[in-house]
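Presented below is the structure to which this report refers.
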């Protein structure tokens, strides 16, 4: 009696085991193809030799903001960097203009936004918009490393993006260097005793910033404490975000001609700094690593 | 030989502590199973590194918010089930211990919870911190819960008086009971408070963190296979005890050596990776069919060997979580924890697996799995996917699984036999008592 009942149980179990095996095979098939495609993708990333410079303009500026800067950069090199410009519309649509020349290993990509207003809320929105653009770019060009450049609020967008979005990519994309120019980490405050919400959020989340990154923060000054728009102290506040978190954090002060806030991207000295510290290739040759802040 | 083993087995099973443990585990099985299932959903289905999440391309069609809502729900469910098993265990173990000695089991139950809470309490250094060390309640440190419950039960045994269990209880009887239990309760809580004070001092001087950190360093994932085999042996032993907590080796999925292997296979067209016998990789690929201790093999062995309806129910309830490597249901249900019969296969068989795998890699029968597989990948598929679909690896994994099931069979057989014998003896004793 007991034995008979147990056998019925055993049959039931075996039936379930057979179903499970079929289920496992059904899982194995899509898993196999998923693995193949994700490996292929990882290979493409690994083998990619492109290392773009991605630039983000500040508030009230458009994707055309860096045209002069790129022109000045290209004047000095034989291998011209191609320029791709993206604009993220408020609807989420992304438009492209310009293009990356085939074989260009170090193109310049500018990401602008239709909503280019100032303020912490807009920066959050812009970081999100930037992320969707970055996502498209990384899928399209499959670069495994890049350099970042941000003017004014562009640097804030980079910081916010690094703290909130970069972790999605860090497995296969490395951000090598970040240069911010005149970025007001503490908005218009002249002292870190008055912390803006944005600044304290940046400091709170700093541990998410990759530790192998080199950051250069450039300050322009017209008077002794401001570039005419952004107080020097607000740019200096960046050290509370980056210092002791990233591999190298360097600040530099530029004065003299074209040191006014909106002139900074056309400042000859800053162009030199970009060539020296951000670009990998100079005159078609690999940038001498000794020229860089050791990394 | 067989007879002697049966006798030893019965003797071990008759130890008071083990009897309490068996009863407690059986009672807590549903909670462990719910915890196991919710972990599967949380990790394999709705986490971004999850197996189902990836192969079903959830990220393409499921809104992020929906996935994270599901993940939150199942995280909550895991926290209150698996994350609280130690607390439940203290309660149930205290109850059964008190009952075994005919003491007031309800009061013991309460005291068990209070003692456990007291032990886990940390005096907050600033106002807003959560005052409990939650990990002490978790299933990863189950043994502590069992021990606390057992000791509380013993306190009732030594200090309390026997009670008669009545079906219907009036308030006055409860009050009488309560006054008798009050002193014991106070004493136990005071004792817990003193131990807790020591813990607090230790945590104030960061002793615990330092010890914990040095253990974690051992699991960073860069060791060769033979060191890993030793460490994993120790870890599986602790897991058998119900103490998987302090040394969680499943964590190491990324290390410099793993990355070196990965970047090698991504840029070359051969399998001569720099670290062919990397411990973590081999551990993850060949050690964990159905969670640690090769629980999938155990489950299949039980399915083949068992006759009783309860055993088959156990198998059927556990198939799904075990398939996705979540084994706490089976650990409680079989039970595996503190079960002498499963000790040898549970702890040693994985080492055998690992050595066979190292041998097969050395003879170039299979490549070293270098790709990272998603969390919750069914055990037999891990090596297959980790080698980007190498068929030999799949066949080798299935062969290993068959070997493992065969090795588990005699142990399962013996365990079932002793279990039957014990039940027969218990029944006889019951009849004797009634007569």
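The values are calculated or read from the model by the stated rules, or taken from the named source; none is laboratory data. Note that the structure is predicted; figures quoted are calculated from it, not measured. Every residue, glycine among them, receives a Cβ derived from its backbone with ideal geometry; neighbour counts consider all protein chains shown.
Condition test on residue A:140, is it at pLDDT below 90, under 24 Å from residue A:109 (Cα atoms) and outside any loop (DSSP other than H, G, I, E, B)? Yes: the conditions hold for residue A:140.
Tally time: how many residues in the range A:213-231 are touching a strand residue (DSSP E or B) at 6+ places or on another chain (Cβ under 7 Å) and modelled with pLDDT under 90? Before the answer, list the steps.
Of the residues in the range A:213-231, the ones touching a strand residue (DSSP E or B) at 6+ places or on another chain (Cβ under 7 Å) are A:213-221, A:225, A:227.
Next, only the ones that are modelled with pLDDT under 90 stay: A:220-221, A:225, A:227.
Residues meeting the conditions: 4.
For residue B:395, the test of being within 14 Å of another protein chain (Cβ to nearest Cβ), farther than 30 Å from residue B:268 by Cα, without any contact (Cβ under 8 Å) to a residue 24 or more places away in the chain and surrounded by fewer than 24 Cβ atoms within 10 Å (Cβ to Cβ) is failed.
Based on this model, can you work out whether residue B:7 counts as away from every other protein chain (no Cβ under 14 Å) and either surrounded by 14 or more Cβ atoms within 10 Å (Cβ to Cβ) or farther than 30 Å from residue B:157 by Cβ (or both)? Reasoning before the result, please.
Working: away from every other protein chain (no Cβ under 14 Å): yes; either surrounded by 14 or more Cβ atoms within 10 Å (Cβ to Cβ) or farther than 30 Å from residue B:157 by Cβ (or both): no.
In short, no.
What about residue A:100, is it assigned to a strand (DSSP E or B) and either crowded, with 16+ Cβ neighbours inside 10 Å or modelled with pLDDT under 85 (or both)? Against the criterion (assigned to a strand (DSSP E or B) and either crowded, with 16+ Cβ neighbours inside 10 Å or modelled with pLDDT under 85 (or both)), residue A:100 does not qualify.
Does residue B:162 qualify as being assigned to a loop (DSSP other than H, G, I, E, B) and free of Cβ contacts under 8 Å to residues at least 60 places away in the same chain? I'd like the intermediate steps shown before the answer.
Working: assigned to a loop (DSSP other than H, G, I, E, B): yes; free of Cβ contacts under 8 Å to residues at least 60 places away in the same chain: no.
Considered against the rule, which asks whether it is assigned to a loop (DSSP other than H, G, I, E, B) and free of Cβ contacts under 8 Å to residues at least 60 places away in the same chain, residue B:162 comes out as no.
For residue A:110, the test of being within 27 Å of residue A:276 (Cα to Cα) and either in contact (Cβ under 8 Å) with a residue 24 or more places away in the chain or within 17 Å of the chain's Cα centre (by Cα) (or both) is passed.
For residues that are more than 14 Å from chain B (Cβ to nearest Cβ), out of contact with any strand residue (DSSP E or B) (no Cβ under 6 Å at 6 or more places or on another chain) and not in a loop (DSSP other than H, G, I, E, B), scanning just the range A:36-74, find the one that is nearest to residue A:184 (Cα to Cα).
First, pick out the residues of the range A:36-74 that are more than 14 Å from chain B (Cβ to nearest Cβ): A:50-74.
With the extra rule that they be out of contact with any strand residue (DSSP E or B) (no Cβ under 6 Å at 6 or more places or on another chain), the set shrinks to A:50, A:59-61, A:64-65, A:67-69, A:71-74.
The next check asks that each one be not in a loop (DSSP other than H, G, I, E, B); those that pass are A:67-69, A:71-74.
Numbers: A:67: 23, A:68: 23, A:69: 21, A:71: 26, A:72: 25, A:73: 25, A:74: 28 Å.
Going through the qualifying residues, I end up with A:69.
Considering only the range B:260-345, give the helices (runs of 4 or more DSSP H) lying wholly within it that have at least 2 residues that are within 13 Å of chain A (Cβ to nearest Cβ) and surrounded by fewer than 24 Cβ atoms within 10 Å (Cβ to Cβ).
Numbers: elements: B:279-286, B:295-305, B:309-323, B:328-333.
In the range B:260-345, B:295-305, B:309-323 are the helices (runs of 4 or more DSSP H) which contain 2 or more residues that are within 13 Å of chain A (Cβ to nearest Cβ) and surrounded by fewer than 24 Cβ atoms within 10 Å (Cβ to Cβ).
Out of curiosity, is residue B:135 surrounded by fewer than 19 Cβ atoms within 10 Å (Cβ to Cβ), touching a residue at least 40 places away in the same chain (Cβ under 8 Å) and under 30 Å from residue B:46 (Cα atoms)? Spell out the reasoning first.
On the way: surrounded by fewer than 19 Cβ atoms within 10 Å (Cβ to Cβ): yes; touching a residue at least 40 places away in the same chain (Cβ under 8 Å): yes; under 30 Å from residue B:46 (Cα atoms): yes.
Yes, satisfied.
For the range A:156-169, check the following and say yes or no: at least one residue is surrounded by fewer than 15 Cβ atoms within 10 Å (Cβ to Cβ) and over 10 Å from the mean Cα position of the chain (by Cα).
First, pick out the residues of the range A:156-169 that are surrounded by fewer than 15 Cβ atoms within 10 Å (Cβ to Cβ): A:167-168.
From what's left, over 10 Å from the mean Cα position of the chain (by Cα): A:167-168.
Yes, the conditions are met somewhere in the range A:156-169.
Of all residues in the range A:188-222, which are part of a loop (DSSP other than H, G, I, E, B), surrounded by fewer than 21 Cβ atoms within 10 Å (Cβ to Cβ) and touching a helix residue (DSSP H, G or I) at 6+ places or on another chain (Cβ under 9 Å)? Once the filter is applied, which keeps residues that are part of a loop (DSSP other than H, G, I, E, B), surrounded by fewer than 21 Cβ atoms within 10 Å (Cβ to Cβ) and touching a helix residue (DSSP H, G or I) at 6+ places or on another chain (Cβ under 9 Å), the range A:188-222 yields A:188, A:189, A:190, A:191, A:192, A:195, A:196, A:205, A:209, A:210, A:222.
Hey, among the residues in the range B:363-386 that are free of Cβ contacts under 8 Å to residues at least 24 places away in the same chain and more than 24 Å from the chain's Cα centre (by Cα), which one's nearest to the other protein chains (Cβ to nearest Cβ)?
Looking only at the range B:363-386, we keep the residues that are free of Cβ contacts under 8 Å to residues at least 24 places away in the same chain, and these are B:363-364, B:381, B:384-385.
Imposing the further condition that a residue be more than 24 Å from the chain's Cα centre (by Cα) reduces the set to B:363-364, B:384-385.
Details: B:363: 25, B:364: 21, B:384: 7, B:385: 5 Å.
This residue is B:385.
Residues in the range A:103-117 that are out of contact with any helix residue (DSSP H, G or I) (no Cβ under 9 Å at 6 or more places or on another chain) and not in a loop (DSSP other than H, G, I, E, B): A:112 only.
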